[in-house]
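Input: a single structure, listed below in structure tokens.
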Amino acid sequence: MDYEEFIKSMKPEEAIIWKERERRTPELTQEQKTRLRGYNREANLLMYAASWCGDCSRQAPMLKKMVEIPGEKFKLKLIDREISNELQDELKIMALLEYQ
């Protein structure tokens, strides 16, 4: 989903948190904007996220601001971690390893 679709799919109380964190996200500096505008290739950013995740609610608004600068060249899509148990297992970060 794109960022706005992801927000709309959340529980209202989670969406409020995300919107507040988006509002408080600092603006990019002029140097950062210039660098992003100078990027001449397309970039597709995928974020594996959960609406209840605090880290996600802080990082996604920053990524959203970054992809808005170069315009159509950059796209941000969020993958809801709750949609697939199989994908959750595949993308675990701190999973316990099983030794045989």
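Of everything in segment 22-60, what is among the small types (Gly, Ala, Ser) and over 22 Å from residue 6 (Cα atoms)? Give them in sequence order.
Hit for segment 22-60 is 38, nothing else.
Can you give me the number of residues within segment 1-37 that are β-branched (Val, Ile, Thr), within 19 Å of residue 47 (Cα to Cα) and either surrounded by fewer than 12 Cβ atoms within 10 Å (Cβ to Cβ) or touching a Ser or Thr at 6+ places or on another chain (Cβ under 7 Å) (or both)?
Result for segment 1-37: 1.
Which of the helices (runs of 4 or more DSSP H) found entirely inside the chain contain at least 3 residues meeting this: of a type in the set (Asp, Glu) and at pLDDT 95 or above?
Once the helices (runs of 4 or more DSSP H) in the chain are filtered for at least 3 residues that are of a type in the set (Asp, Glu) and at pLDDT 95 or above, what remains is 12-24.
The values are calculated or read from the model by the stated rules, or taken from the named source; none is laboratory data. Predicted model, so just to flag it, every value in this text is computed and none were measured. We place every Cβ from the backbone using ideal geometry, glycine too, and count neighbours over all the protein chains shown.
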